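Asks: Before anything else, here's the structure in question.
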Amino acid sequence: MGTHILDSTSSVAEQSPAAKRLWIFSYWFPPVNEVGSSRAVAMARYFAARGWQVTVIAGASEAVPQTFVTDLSGFDVHYVPDSWLTRSSSFKPGRGSIAHRLSTALRLLSWPDHIRPVARAMKRRARDLLRDLPAPDVVLSTALPFSVHAAARDTARQCGALFVADNRDIWARNPYKLTAPFYQSLDSSYERKILASADLVVAVSEGMSDYYRATYPALADKVITVMNGVDAGIEDCDHYRRDPTRLRLVYTGILYGERRDVTPLLRAAQRLGSPVGIDFYGSEPEIVAQLAADFPDIAIVDRGRVPRAQALDAQCAADALILVVGTAPWEDTLLPGKLFEYIGSGRPIVALANPGSDSGRVIAGYQLGIATTEEDAIADFLARLATNGMASKAAVPADLERAHQLRILEDRLITIRFS
């Protein structure tokens, strides 16, 4: 099996007709170096290893570096290229201010999102595949972008498969969502309609599952939690060496402007009275530059976007890893994939998050570091770290492993479809 572009032919049809068949719709997929790619490829890899015949229908984003190098054997991937709208509305690095404003305007006006033309092309690609391949038993789409759910739903209806809507984030009422005000009244009804058509609604945290059950009570029995997890091999981090003269912190990912406040950590680090360096990977350059100007006593460095393997190496070499989740009630439900990358490194985590949030409870429950927004508590933690260091965690808790989480999903699918 292998990787295919839009007009290619899959080899899945040659396999045993008795095998369970899963089709995955995901706009983000390797080699696109985006955090959403991790969950989608982990699903494909897990189910293929469990004997399912897996076909992936994926986007081929042109706005994100193609540096997520990973094994794609064992399943077929059919890539659908970006449309003009999607290309033009993507925030590609290096574009000028006028192009950035155009992208913002196009996103505001696109509904349900600017990926919709690609999602429609993904549905057409699935329709073409159904002419040559046995129908899937399950069609799963992972979002955001939310428009891929509609493509997967229509495909599932066409061939009589289960439709599973996997959600890494909420869509309606998401404060990070760029949309014109006159669309906001449509979002909730559209989200309800899509999720109501699913046989199973998957959320990545208990808080998000509770949100769906409370917001859409009729869906309560369909909702399950399948967290992200630590991928096998990620925890092979054995090259950490402490530098007693300097505390090195690492943040990987974007900062979302003023929505994610990293300043309590920076103020705490500034109080140490000893050298502290913070390396930012994949963050917005203008925000990192402003932080460096505001906190000149801290060696703040923008490392830019790097291949995923390099980011993982940086995590392994850090004294501690920074997670900034935010403190709004909605953000308390977030369990980002990045948290599990951090867990895999074994290095301690400093999370700027409410202690009672989903992220905070995982960090506290497994003694992975500290989750707080209190500057004094962060300063005390950093002082202990600078004085004594902290050994890497020797092993990942079993229920935080990716395979354990995906087994929850597989068991439910077997119960619904094959029991």
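Asks: Only one of (1) open to solvent by less than 30 Å² (accessible area, probe 1.4 Å); (2) at negative phi fails for G346. Which number is that?
Replies: (2)
Asks: So, of the residues in region 315-345 that are over 21 Å from G277 (Cα atoms) and of a type in the set (F, W, Y), which turns out to be modelled with the lowest pLDDT?
Replies: Applying the filter and picking the extreme gives W330.
Matching residues to (1) open to solvent by 30 Å² or more (accessible area, probe 1.4 Å); (2) more than 25 Å from V56 (Cβ to Cβ):
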residue: G160; (1), (2): yes, no
residue: D169; (1), (2): yes, no
residue: A172; (1), (2): no, yes
residue: Y176; (1), (2): yes, yes
residue: Y183; (1), (2): yes, yes
residue: S189; (1), (2): yes, yes
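Asks: Given the structure, is D380 at pLDDT 90 or above, in a helix (DSSP H, G or I) and under 24 Å from the mean Cα position of the chain (by Cα)?
Replies: When the stated conditions are applied, D380 does not pass them.
Asks: Okay, next question. Which members of region 378-396 meet the condition of being of a type outside the set (S, T, N, Q) and surrounded by fewer than 16 Cβ atoms within 10 Å (Cβ to Cβ)?
Replies: If the condition is that a residue be of a type outside the set (S, T, N, Q) and surrounded by fewer than 16 Cβ atoms within 10 Å (Cβ to Cβ), then D380, R384, G389, A391, A394, A395 are the ones that fit.
Asks: Within the bounds of region 401-417, is there any residue that is over 19 Å from E206 (Cβ atoms), of a type in the set (D, E), touching a helix residue (DSSP H, G or I) at 6+ places or on another chain (Cβ under 9 Å) and in a helix (DSSP H, G or I)?
Replies: Step one: filter region 401-417 for residues over 19 Å from E206 (Cβ atoms), giving 403, 410, 413-417.
Retained after the next criterion (residues that are of a type in the set (D, E)): 410.
If we keep only those that are touching a helix residue (DSSP H, G or I) at 6+ places or on another chain (Cβ under 9 Å) as well, we get 410.
From the residues that got through so far, the ones that are in a helix (DSSP H, G or I) too are 410.
Yes: one or more hits.
The values are calculated or read from the model by the stated rules, or taken from the named source; none is laboratory data. The structure displayed is predicted, hence computed values, not measured ones. Using ideal geometry, Cβ is built from the backbone for each residue, glycine included, and neighbour counts are taken over all protein chains shown. Quick note on the areas: whole protein, heavy atoms, side chains included, nothing else; ligands and nucleic acids left out. Shrake-Rupley method; radii C 1.70, N 1.55, O 1.52, S 1.80 Å.
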